[in-house]
Amino acid sequence: MSTAAEVPPTPVVLVHGLRVSGAALHRIAAGVTDRRIVTPDLPGHGTRSAETFTMDGAVDAVVDAIVSVGGTAVVAGMSLGGYVSMAVAGRHPGLVCGLVVMCATAQPGRALAAPFRAFGAATSVLPKQAAVISKALTRAAVGRQVAHDMEAGGLALHSIRDVVSELSRFDALGEVSRYPGPIRFVNGGWDQFRIHERRFVAVSDRTDLEVLPRASHLFPLIQPERTAAIITDFTQGCDRVAIR
């Protein structure tokens, strides 16, 4: 019979959102103290800034990270990272012990993509000006500490058009419905990306939903300790299943 001592804690692959990089998640990662956690960069972001973002390439990046920590992991993603994480779980369910999706329960489509497409077009025409405006708006909205975290590893404004193009035709509900394992959806109460959360929760009987009151779309970065606690709690549940 297996015991807890014989089974190492389930590692975590934590996936970043649009514009930022894995480095932006350092305070969340630091709060997950009982297991290994890695924060890979997606194509077009951070250390892979020169690459073109595609969903297939993003899935491959997360799969490579899972392999690097032993071949199975809990995958947790915020915003864009949430959508990528759902794609990984749907396409490679055997690699994913559990799935945490934060700030990503709006089914993508052309209407949802329109404002982001417009911003992406602006950044390609006036990249320096767009970077200055983006940084100023971010600092005004979330404060200096969170803005500093978001800027760690660079801001990938040049990849917005590619990301939006990929997401506009991405069937998140279809992908996540193929995953048979446990899923926790986590949204901020003030997040515009929770509009279809009930549809996502309904994809299987192994889902649960946590809504954080008065929290925004960027709550994982604004409340890194709380986010780390949510990930730790969920992953410890996956540990117990593995022990059985």
task = Using amide H atoms built 1.01 Å from N in the peptide plane, name the residues 5+ places from residue 15, or on other chains, whose amide H lies under 5 Å from its own.
result = 76, 77, 78
remark   = Diffing segment 154-165: the Karplus 3J(HN,Hα) column from phi (6.51, -1.76, 1.60, θ = phi - 60°), in whole Hz with x for Gly and Pro, holds x, 9, 8, 5, 5, 9, 4, 4, 5, 5, 4, 4
task = Could you tell me which of 188, 231, 153 has its Cα farthest along the dipole of segment 146-238 towards the positive end, charges placed at Cβ (Lys, Arg +1; Asp, Glu -1), taken about the Cα centre?
result = 188
request  = Report ³J(HN,Hα) in whole Hz for each residue of segment 39-46, in order, from the Karplus equation J = 6.51 cos²θ - 1.76 cosθ + 1.60 where θ = phi - 60°; Gly and Pro get x.
outcome  = 10, x, 8, 7, x, x, 9, x
ask   = Based on the Cα atoms of segment 58-107, what semi-axes does the equivalent ellipsoid have, where each is the square root of 5 times one gyration tensor eigenvalue, given in whole Å with the largest first?
value = 18, 10, 9
Residue-by-residue Karplus 3J(HN,Hα) for segment 8-25, coefficients 6.51, -1.76, 1.60, Hz, glycine and proline x = x, x, 4, x, 10, 10, 9, 10, 6, x, 5, 6, 9, 9, x, 4, 5, 9
remark   = With label points set 7 Å from each Cα along the Cα-to-Cβ direction at residue 195 and residue 7, the distance between them in nm comes to 4.1
query = Any idea what diffusion coefficient segment 1-96 gets from Stokes-Einstein, in µm²/s, Kirkwood Rh on alpha carbon pairs, 37 °C, 0.692 mPa s?
reply = 243
ask   = Near the amide H of residue 107, under 5 Å away, which other amide H atoms are found, from residues 5 or more places off or on another chain, if H is placed in the peptide plane?
value = 196
query = Around residue 28, with a cut-off of 10 angstrom between Cβ atoms, what is the net charge of the other residues, counting Lys and Arg +1 and Asp and Glu -1?
reply = 0
ask   = R0 = 22 Å: FRET efficiency of residue 91 with residue 205, Cβ-based, nearest 0.05?
value = 0.55
query = Amide H of residue 97: which non-local residues (sequence gap of 5 or more, or other chain) have their own amide H closer than 5 Å, using H built in the peptide plane?
reply = 73, 74, 75
inquiry  = Please report the projected area of segment 186-244's Cα convex hull averaged over all directions, in nm².
reply    = 4.6
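Where a number appears in this text, it was derived from the coordinates with a stated rule and is not lab data. Since this is a predicted model, take the numbers as computed values, not measurements. Backbone-built Cβ (ideal geometry, glycine too); neighbour counts: all protein chains shown.
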